[in-house]
Amino acid sequence: MAAVTPDQLHDHHHGPTGLMRWITTTNHKDIGTMYLIFSFIMFLAGGVMALTIRAELFSPGLQVVEPELFNQLTTLHGLVMVFGAIMPAFVGFANWMIPLMIGASDMAFARMNNWSFWLLPPAAILLIGSFFVPGGATAAGWTLYPPLSIQMGMGMDMAIFAVHIMGISSIMGAINIVVTILNMRAPGMTMMKMPLFCWTWLITAYLLIAVMPVLAGAVTMLLTDRHFGTSFFNAAGGGDPVLYQHIFWFFGHPEVYIMILPAFGIVSQIIPTFARKPLFGYASMVYATSSIAILSFVVWAHHMFTTGMPTAGQLFFMYATLLIAVPTGVKVFNWIATMWRGSMTFETPMLWATGFIFVFTMGGFTGLICAIAPIDIQIHDTYYVVAHFHYVLVAGSLFALFAGAYYWLPKWTGRMPDEKIGKLHFWCSLIFFNITFFPMHFLGLAGMPRRVPDYALQFADFNMLASIGAFGFGLSQLIFLWVVIKAARGQGEKATARSWEAAEGLEWTVPSPAPHHTFEEVPVVK
Amino acid sequence: MSLSGRLAASAVLLTASQGVFAQSRYNFQPPVTTVAEQIYDLHTLMLIICLVIFIVVFGVMFWSVFKHRKSRGAVAANFHENTTVEIVWTVIPVFILLGMAWPATKTILDMRDTTDPDITIKATGYQWKWGYDYLQGEGEGIRFVSNLSTPLAQIQGREDKGENYLLEVDNPMVVPVGAKVRMLITANDVIHSWWVPAFGVKQDAIPGFIRDTWFRADKEGVFRGVCAELCGKDHAFMPIEVHVVSTTQYADWVNGLKVASIAQVAADDRDWTRDDLIARGGEVYAAHCVACHQASGAGIPPAFPALDGSELVKGEHAGLLDIVLNGKQGTAMAAFGGQLSDVEVAAVTTYLRNSWGNSVGDEIAPDEVAGVRTR
């Protein structure tokens, strides 16, 4: 089973040093680190855009940015956060942790791994750089709906190419993860003994392989509609603008689970550690994750209830969407059952994981409400939806990412995260997150549409509150930077191999920080 | 007084009640149709169900969080599965979901029933205004364009904002109370969405396709909505205002418009001097062109080209008329042929050729526009 990779043949002293080490590296830990740093930079970039948006929305009227730039900011905020921050962050975790968790020496395709990462910076440059070309960045919303996206300037073409490049990167990363998990597990590690993080990533990788080409197809059709006279989405030429929405959301809904399933995996690693009790319902967790993934392919049109679907279509997509609540509920119940009668301590990772369950589930409830088609028709394209998807993407994916970062930071840096600063980061984030996004439910219900730079006067109070919360939330994220820099510079308590008292799994059998090469001798799992 | 001026004046006279839009801050706006009422009740039901689940689930979690702590001497149990419990918490949610799906299904069937309308109105989304065509029923043949009436000075903070800031239009849509109104929704350029919250109606306006929805307002009053689908620069500035009036008031409104419209046609059928055309063209420009090309004619290049100094504007009549009548594919420049009369096209093109730095000094006559159209 022990595949000998070229990387193992020479030890790390002989590799290039300095910048070239990072450009040429095929080491999964180096690549994982680069993914994580890249995603954090993009997170800050997307955050600056979000804060500019919130500054404009602080009070009614146009003050900070013109509507054109405002629309560019909302669009790029979405694209940057989804494709630049959240997705690469999870791939970073996968790179670092999957080989360590399954006892493999590296990822299956080490050179392709390097290429998967190094595709991302050019894509980021295309996206961010599009602000500075004539006409500015695309302002069609991150969903890039035609015919509006057909009207855009060259910033739109840059976004299309960026999406192509990031799609290729994601597909290569996903293939790598699938092959690594299926072929490189240590002897004795059967599929049903695998840590849940690996399971959720395996399923996520299949989702990526299935839907990223669909997105690439959709944006390519936009490109040819824009420049080569095709009419895929133009009714005057026999096309249909709504066709784009079907294709986009056939990608877009699985994409939602691509961004949350690995988060479920991280939380499922952390809760048992700090409850000092095995994960409740391991098998049902695996089945629930698979069910969510399969269902995610048949619910896409719930993003399109207002396009005027046939009655049968509305009913089908409503029922299918409601069904997703069942496996998602199973997961939440399993986490709580894992906590039940445990012996819990609340170090920073556990705080984030518990916070995740609490706030993510609120996003789940609003998801249920959104699933009811007649209600959705009222709240579609309002701030209610903005609140809903930030509850699942920020309080869901992002909180889980932070939980994982604090959990594995000792393995990455060899130092325990500073508990005091980490806890400050958690409580500030949790409180400011809710100040920012909870009022948005009220705004949406009362009738404030999304993607507007200006609004009617009755929305003024809650918008001001949300803007204050947003600035608090944004600044709180610098606390995280402080924790990580401190640990990376070798300050703080030294971590042992098993950094947390009750941590289980192969990753805790190697020293902290994990040496450059691990599991050169294949471990055996009993 | 122009047609649009009469429209606005008559609508304002008809309605004394204040906007309902402003009343809601935490929840849906007070419903005025049976569909909106059903949606309101569905949402309340969902909130209650979610609240109960929330209390039960997080009651258990926080009990555990506080009781089962190592610091309180809790010793970890070692159970990790229980088939019975797992089946129970899979099956119970299914039944809860069925309870949610049943009333929702009834509401959907009701929302989709657009048969037997008393009045049919087509709403067309334009960048960035709404056009209304009364197609069937009392008022058949009425058509007008509805623009935001909030002054730019309020938006830019140079004046105090009015009570209905961004929710007011020059020509509101008027319907009689108690009549079943079928709305045909479409768009001319990009996707918009016609949304009046108090009616429980939101329907995307898709260029090249017509979708329908309906409402029957049970209460007189002014009801306000906004465009709900991102449609470009001025997406936030194309509201919807519907006045629901008594049947007699509605009949008066329809008659008043018919008289005004006949007068307008008669007034347009005359020889136009250049100065008359320029004056009328200024009004047309302010209603249809100014959002993109700006009052100064400087546009917002490269998306919205400058008209001041434009060779196309100052060149051959044919080129200018072609782009105004037929628009330009792949850009926000709409085809105004279907929206503007011959006089209006002649007026606005004459205005363009003789405004700002443009001083061609000629005029384009309505007959010339009619000639180009028939070609």
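Some notes on this structure:
- Any hit, region A:288-301, residues being within 12 Å of another protein chain (Cβ to nearest Cβ) and crowded, with 21+ Cβ neighbours inside 10 Å: yes
- Screening the candidates A:Met172, A:Met154 for the property of being assigned by TED's automatic domain parsing to the domain that holds A:Trp249 and closer than 16 Å to A:Phe83 by Cα yields one hit, A:Met172.
- Taken over region A:137-150, the criterion of being touching a Ser or Thr at 6+ places or on another chain (Cβ under 6 Å) and surrounded by fewer than 24 Cβ atoms within 10 Å (Cβ to Cβ) is satisfied by A:Gly141, A:Trp142.
- Scanning region A:276-320 for residues that are over 20 Å from the mean Cα position of the chain (by Cα), among the polar types (S, T, N, Q) and farther than 20 Å from A:Phe333 by Cα yields a total of 4.
- Scope region A:120-164; condition within 14 Å of chain B (Cβ to nearest Cβ) and of a type in the set (Val, Ile, Thr); matching residues: A:Val133, A:Thr138, A:Thr143, A:Ile150
- Residues that are away from chain A (no Cβ under 14 Å) and in contact with a Leu (Cβ under 7 Å, 6 or more places away or on another chain) were ranked within region B:141-171; the one that is surrounded by the most Cβ atoms within 10 Å (Cβ to Cβ) is B:Asn171.
- Matching residues in region B:157-177 - criterion: being over 16 Å from B:Met238 (Cα atoms) and touching a residue at least 24 places away in the same chain (Cβ under 8 Å): B:Glu163, B:Val174, B:Val175, B:Pro176, B:Val177
- Residue in region B:339-356 that is open to solvent by 50 Å² or more (accessible area, probe 1.4 Å), of a type outside the set (Phe, Trp, Tyr) and not assigned by TED's automatic domain parsing to the domain that holds B:Asn147 present: no
- Complete set of residues in region A:174-201 that are open to solvent by 10 Å² or more (accessible area, probe 1.4 Å) and not β-branched (Val, Ile, Thr): A:Leu182, A:Asn183, A:Met184, A:Arg185, A:Pro187, A:Gly188, A:Met189, A:Met191, A:Met192, A:Lys193, A:Pro195, A:Trp199
- So B:Leu312, is it of a type in the set (A, V, I, L, M), under 15 Å from B:Thr349 (Cβ atoms) and open to solvent by 70 Å² or more (accessible area, probe 1.4 Å): yes
- Total residues in region A:462-495, condition within 14 Å of chain B (Cβ to nearest Cβ) and free of Cβ contacts under 8 Å to residues at least 12 places away in the same chain: 0
- Qualifying residue in region A:126-136 (condition: modelled with pLDDT under 95 and open to solvent by less than 20 Å² (accessible area, probe 1.4 Å)): yes
- Qualifying residue in region B:54-66 (condition: under 29 Å from A:Phe437 (Cα atoms), touching a residue at least 12 places away in the same chain (Cβ under 8 Å) and more than 9 Å from chain A (Cβ to nearest Cβ)): no
- Note on region B:188-200: among residues that are touching a helix residue (DSSP H, G or I) at 6+ places or on another chain (Cβ under 9 Å) and open to solvent by 10 Å² or more (accessible area, probe 1.4 Å), the one that is nearest to the other protein chains (Cβ to nearest Cβ) is B:Pro197.
This table checks each residue for (1) open to solvent by less than 10 Å² (accessible area, probe 1.4 Å); (2) farther than 25 Å from A:Glu347 by Cβ; (3) not assigned by TED's automatic domain parsing to the domain that holds A:Val332.
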| position | (1), (2), (3) |
| --- | --- |
| A:His390 | no, yes, no |
| A:Ser397 | yes, no, no |
| A:Ala400 | yes, no, no |
| A:Asn434 | no, no, no |
| A:Ile479 | no, no, no |
| A:Ile485 | no, no, no |
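- Among the candidates B:Asp269, B:Asp252, B:Asp276, the residue that is more than 19 Å from B:Trp356 (Cβ to Cβ), at pLDDT 90 or above and open to solvent by 20 Å² or more (accessible area, probe 1.4 Å) is uniquely B:Asp252.
- When residues of region A:368-382 are limited to those that are more than 21 Å from B:Ala205 (Cβ to Cβ) and open to solvent by 10 Å² or more (accessible area, probe 1.4 Å), the one farthest from the other protein chains (Cβ to nearest Cβ): A:Cys370
- Within region A:451-473, tally of residues that are open to solvent by 40 Å² or more (accessible area, probe 1.4 Å) and more than 25 Å from A:Gly355 (Cβ to Cβ): 3
- The set of residues in region A:219-268 that are over 30 Å from A:Gly173 (Cα atoms), hydrophobic (A, V, I, L, M, F, W, C) and crowded, with 24+ Cβ neighbours inside 10 Å contains only A:Phe233.
- Count of region B:222-242 residues which are more than 9 Å from chain A (Cβ to nearest Cβ) and either under 16 Å from B:Lys202 (Cβ atoms) or open to solvent by 10 Å² or more (accessible area, probe 1.4 Å) (or both): 5
- Filter pass, B:Gly297 being open to solvent by less than 30 Å² (accessible area, probe 1.4 Å) and over 15 Å from B:Ala334 (Cβ atoms): yes
- Taken together, the criteria place A:Phe161 among residues that are surrounded by fewer than 20 Cβ atoms within 10 Å (Cβ to Cβ) and more than 22 Å from A:Trp199 (Cα to Cα).
- Extreme residue, farthest from A:Leu202 (Cα to Cα), among residues of region A:306-323 that are more than 9 Å from every other protein chain (Cβ to nearest Cβ) and in contact (Cβ under 8 Å) with a residue 40 or more places away in the chain: A:Phe317
- Filter result for A:Gly239 (more than 27 Å from A:Ile375 (Cα to Cα) and assigned by TED's automatic domain parsing to the domain that holds A:Met87): yes
- Subset tally (residues that are assigned to a loop (DSSP other than H, G, I, E, B) and hydrophobic (A, V, I, L, M, F, W, C)) for region A:482-526: 11
- Residue list for region B:105-140, restricted to those being among the hydrophobic types (A, V, I, L, M, F, W, C) and either part of a loop (DSSP other than H, G, I, E, B) or surrounded by 18 or more Cβ atoms within 10 Å (Cβ to Cβ) (or both): B:Ile108, B:Met111, B:Ile119, B:Ile121, B:Ala123, B:Trp128, B:Trp130
The values are calculated or read from the model by the stated rules, or taken from the named source; none is laboratory data. Since the model is a prediction, treat every value here as computed from it, not as a measurement. Reconstructed Cβ throughout: ideal geometry from the backbone, glycine too, with neighbour counts over all protein chains shown. To get the accessible areas, we keep the full protein, side chains included, count just its heavy atoms, and leave off ligands, DNA and RNA. Shrake-Rupley method; radii C 1.70, N 1.55, O 1.52, S 1.80 Å.
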